[in-house]
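The values are calculated or read from the model by the stated rules, or taken from the named source; none is laboratory data. Source: prediction; values computed, not measured. Glycine also receives a Cβ, built like all others from the backbone with ideal geometry; neighbour counts cover every protein chain displayed. In case anyone asks, the SASA skips ligands and DNA or RNA and just uses the protein heavy atoms, side chains included. Shrake-Rupley method; radii C 1.70, N 1.55, O 1.52, S 1.80 Å.
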Amino acid sequence: MLYIKCPHCGMRSQNEFSYGGDATIKRPELGKEISDQDWDNFVYNRKSLRGKHWELWQHISGCRQWIKVERDTATHEIFNTLKANEEISL
Amino acid sequence: MTQNFRLESGGLINRSKKISFKFNGKNYFGYEGDTLASALIANGVHLIGRSFKYHRPRGFFGAGVDEPYAIVQLYRNGETEPNIKATEQELFEGLEAKSVNCWPSVNFDVGAINNFLKIFLPAGFYYKTFMWPKSFWYKIYEPFIRKAAGLGTASIKHDKERYEHKYEYCDLLITGSGPSGLASAYSAAKNGAKVILAEDKSRFGGTLLTSDVNIGNQSGKEWADSIVSELKEMSNVTIKNRSQVFGYYDHNMLVMSERISDHLPKTKKYHPKQKLWYIRAKEVLISSGSIERPIVFGNNDTPGVMLSSAAKEYMKVYGVLVGKKPLVFTNNDSGYETAIEFKKNGINPIILDTRKEPRSEIIDEAKNMNINIKNSYVVVAAQGYKKVKSADIAKISDDKEKLGSIENIDCDCICVSGFWTPTIHLASQSGNKTKFKEEIDAFVPGISKQNEKTLGAANGIFTLEETLKDSFEQGNRLSKKITNNDNKVSFPNVVEKKSAVHDKFWCVPLPKGKNYKRFLDFQNDVAVSDIEIALKEGYRSIEHVKRYTTLGMATDQGKTSNLNGLQLVSKIENKVVPAVGHTTFRPPYTPVSIGAIVGREVGKHSKPTRKSPMHSWHEKNNAVFVDAGVWLRPRYYKRGDENLFEASKREAKNVRTNVGVCDVTTLGKIDIKGPDAAELLNRVYTNAWLKLPVGKARYGVMLREDGIVMDDGTTTRISENHYHMTTTTAQAANVLSHLEYYLQLVWPELNVNVVSTTEQWAGAAIAGPKSRDVLKKLFPKSDVTNEGLPFMGYIEGDLFGVKAKIFRISFSGELAYEVNVESDYGYYMWEKIIEIGEEFGIQPYGTEALSTLRIEMGHVAGSELDGRTIPYDNSLEGLLSKKKDFIGKRSLTRKAFAAEDRQKIVGVVPLDKKTSIPEGSHLVKDSNAPLPNPKLGYISASCWSVEHDNPFSLAILKDGKNMIGKKLFVMSPLKNKVIPVEIVSSHYVDPKGERVRS
Ligand SMILES: [Zn+2]
């Protein structure tokens, strides 16, 4: 079971969180024209990478905040966690 | 029975307390502090079971967790448990155990014929033989294997015992209380670190209990006892016996199973049987020691052949002799320690040492005691079927290839020592890439992956002095990092005998013309010949060899077999052992009971049960409940002999003709506040929200980004910046997360707050043509006329002193209201509604009637919004705003979603107006078409229409728009039904929606 540092609550067990996928995906602006390909990339297409991955988790049984977690998908090592409003520096 | 093999004195057992027990129906006794194994051996019992595959007689091989095959079925306090190691089970008054793998009995075993037919049971036998012919599998092979194989029988009764889970955090977790565990725990505890020390046996001390050493001015055992009692006094130390740390998981989380009551005849009141500890440790010190390795020789599985360390432990801890004419077969000095212990107890052992002329203090001591030592000698084969009677021995050449002439000598046990294998399971589970250490022919932990460090014998360090030094230091160093204290422990003087180098010999060659079985894996009956076959057949990867031959599998996890297996593969393949590599160690290290894994989450405790504030009223009024997500909801209220169908029909009919009341507390409710609340709703819902006036409700549909309908419900504007959203019961949690996602990550600029208020409000839906009459009397001070409270209107009211929210919304399609009060007043509200409604014929209705009402109205619910449908499919396209963007809108332009013949919701009526249509049935054009019959759609929900008094269903049908009036067939292969049907509008009742506005 992973041990995740919630930027608001501190170290908490994985079973307090739910997973939310790739954190680097940006939702296209509302009302803006967008090609089919770009929309598909936003909705469906995800990298399934091995290694460092910025992803979203929600501290669902805690503060209910969505947070950003940098995790190694192969080793589960967690390098960094950020609040929702903090920018990822890649 | 007398205990013929119990020593006059000695051991750590309590001889003043006799304990009676039963094995295979026979009565025996032992002493407090015995294990089942030590007590049986004391009574001269060595035949304990039959082996897994060949059904060969099985005795004891080890004295603890290392035991591969002394496995029994245990009976305790009216319960039975399989797969219990006799060497680990402590004796208690009234214990009963039986052999496993024997049918009909341990002495006469039908399956033993496998042993004489062993030519038919080589490696891969199960894969090869039982594959063909296919029809034989169920009828002949499987029943035979089931009966003849296995490690016991699981109970099918409900387990009455209690098991608990505990979550714990500590600075240092130390796994094992031998010299390295005690020393590291002690120095870490002195630095004030929070320490957990776990020992799997009942006694602390590990090898210190059996080795002849001095620490300071104390014996090893005395030193261990004094350290343990000091640790027990320290408030920062948790010290647990009977506790096995069996798994090392991510982020330094380890799991330990504590056997609290297994050693007692009966679990004490309020005590659990076992407790599972989830321990998150900052640092882990693995002090799990090592396990003696066997030397492989002919018939080395005969009862009476055992590890030399086990023989020593039976003498020193239990005061029990494993035999009176022992042969010690060794390639290192450990065997000498066992021989010396025999000699001290008046027994004359013979030592066969594979080494030519070894010299050391221990060997000198043995010589001085006049122990018969034969150098360059090996055991070629054990003789005897159910117990060792003699041994064929021979001199072996210096190159260890050739045997001299075979001699036969009498003996009643053979104690084997092939040196030591570090127990690296936990380190390996943590991700540590182990490395091969030439000097000890074994793997040791390499670079730490997590915060783990391995100490002492588990790390391949076999001298006490070095072990203690390293362990004191590591305990101090790691705790200092955490507590910043540096209280050095003075290092005691250690007296131990020096050992000579061991011989790398591990397998005795077969003499000419003999074909003895030489076992590697005793639990899974894997012999040298099986590995040879596997390699001959082309298996190369050690992981494949393992699966093909079953080497190192099952509960044993290769504890005694792993390295000898690797030695063999490396020899045949002409590779070095590290090039062969070892198989992956997997948790659990030892078996864990299912009860401990499940813990308290049994039956009704497996998930919370949510009850509405009106629950006890429903109970009193004969409600039959149904699980709705985590809620318990009344399905119907039973009157007299009514069944579900009759009761729900009556309840639904009463709503259509008079008035009914339904508990809708379970609906998800989300309170939304803030100046940008309307903007949020406008983006989340598909329809327009910016112009909704205060005091008005609106129905809305929300989509996922992929265009699929996520949920629907009504949201009401309570005041300028305050909205009350309702969701379906099932989606309440998801919708809240969905809103939080957009507010926190996508549109943080929106000034809105959302919070779940599902449990803050109790809700009652009052529905039916007479519902306004009820409402008038319920809220005499409020204007609830069609003008004062029109359809989709909202007012606040005073329910006899209780503040209430009144929404004029309808799920049933009738004139209807939903009244919400704070949960604490829910029961009061409900009673008032029933009391006032009586004169209008009010009846409570459950979820079944609720479904009937919504289905015949064509209102969609969870079975249509099933994660596969878009708004069009549910005839909700009228709610899609063309003027604004919203979540998921762009996806609706996808080609498939805009197809002309896209699926759509329709109504379905059987032509005979009698036959009920099973939910989930398929719609087809031609019921006789060849298979696969093209499927046009599926039935999503079915009811008995109370309005038309015939069956009615909703379906999602391909090209549904153009199918109205067509005749199709409903097919249910599951129920074996074919029903001719007509497709009609999904709005089967009041298609213009006049009633809700009346
Ligand atoms: Zn948090």
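Remarks
- Region B:777-796, residues that are open to solvent by 10 Å² or more (accessible area, probe 1.4 Å) and of a type outside the set (Asp, Glu): B:777, B:780, B:781, B:782, B:785, B:786, B:788, B:790, B:791, B:792, B:794, B:795
- Condition met for residue B:754 (touching a residue at least 40 places away in the same chain (Cβ under 8 Å), buried (at least 21 other Cβ atoms within 10 Å of the Cβ) and within 14 Å of chain A (Cβ to nearest Cβ)): yes
- In region A:7-26, residue nearest to the ligand (Cβ to nearest atom) [restricted to those that are touching a helix residue (DSSP H, G or I) at 6+ places or on another chain (Cβ under 8 Å) and open to solvent by less than 40 Å² (accessible area, probe 1.4 Å)]: A:18
- Taking the criterion of being at pLDDT 95 or above, in contact with a Gly (Cβ under 8 Å, 6 or more places away or on another chain) and either more than 10 Å from residue B:272 (Cβ to Cβ) or not acidic (Asp, Glu) (or both), the residues of region B:153-170 that qualify are B:163, B:165.
- Annotation note: Cβ proximity below 6 Å between a residue of region A:67-87 that is in contact (Cβ under 8 Å) with a residue 40 or more places away in the chain and a residue that is hydroxyl-bearing (Ser, Thr, Tyr) and within 13 Å of the ligand (Cβ to nearest atom) (sequence gap 6+ or interchain) occurs for A:67/A:81; A:69/A:81.
- Residue B:814 vs. criteria touching a Leu at 6+ places or on another chain (Cβ under 8 Å), more than 23 Å from residue B:758 (Cα to Cα) and modelled with pLDDT of 95 or more: yes
- Taken over region B:239-249, the criterion of being away from every other protein chain (no Cβ under 14 Å) and open to solvent by 40 Å² or more (accessible area, probe 1.4 Å) is satisfied by B:240, B:241, B:242.
- Selected residue [within 29 Å of residue B:426 (Cα to Cα), of a type in the set (D, E, K, R) and part of a loop (DSSP other than H, G, I, E, B)] from B:497, B:469, B:449: B:449
- Filter result (of a type in the set (Lys, Arg) and more than 39 Å from the chain's Cα centre (by Cα)) within region B:470-498: B:488, B:497, B:498
- Qualifying residue in region B:273-280 (condition: more than 21 Å from residue B:587 (Cα to Cα) and touching a residue at least 60 places away in the same chain (Cβ under 8 Å)): yes
- Test: residue in region B:849-856 that is open to solvent by 30 Å² or more (accessible area, probe 1.4 Å), closer than 26 Å to residue B:685 by Cβ, in a loop (DSSP other than H, G, I, E, B) and in contact (Cβ under 8 Å) with a residue 60 or more places away in the chain: no
- Residue count for region B:783-814 under the criterion of being within 15 Å of residue B:773 (Cβ to Cβ) and in contact with a helix residue (DSSP H, G or I) (Cβ under 7 Å, 6 or more places away or on another chain): the result is 2.
- Residues satisfying the stated conditions in region A:37-56, i.e. open to solvent by less than 70 Å² (accessible area, probe 1.4 Å), away from the ligand (no atom under 16 Å from the Cβ) and at the interface with chain B (Cβ under 10 Å from one of its Cβ atoms): A:39, A:40, A:42, A:43
- Among the candidates B:252, B:236, residue that is away from chain A (no Cβ under 14 Å) and in contact (Cβ under 8 Å) with a residue 40 or more places away in the chain: B:236
- For region B:727-741, the condition of being touching a residue at least 12 places away in the same chain (Cβ under 8 Å), more than 14 Å from chain A (Cβ to nearest Cβ), over 25 Å from residue A:24 (Cβ atoms) and open to solvent by less than 20 Å² (accessible area, probe 1.4 Å) holds for at least one residue.
- Among the candidates B:436, B:462, B:443, residue that is outside the structural domain of residue B:338 (by TED's automatic domain parsing) and assigned to a loop (DSSP other than H, G, I, E, B): B:462
- Residue match in region B:303-310 (condition: within 30 Å of residue B:432 (Cβ to Cβ), open to solvent by 10 Å² or more (accessible area, probe 1.4 Å) and either touching a Ser or Thr at 6+ places or on another chain (Cβ under 9 Å) or not assigned by TED's automatic domain parsing to the domain that holds residue B:42 (or both)): yes
- Selected residue (criterion: nearest to residue B:162 (Cα to Cα)) from residues of region B:599-623 that are open to solvent by 50 Å² or more (accessible area, probe 1.4 Å) and touching an Asp or Glu at 6+ places or on another chain (Cβ under 9 Å): B:600
- Selection within region A:57-83 - open to solvent by less than 30 Å² (accessible area, probe 1.4 Å), within 11 Å of the ligand (Cβ to nearest atom) and within 11 Å of chain B (Cβ to nearest Cβ): A:58, A:59, A:66, A:67
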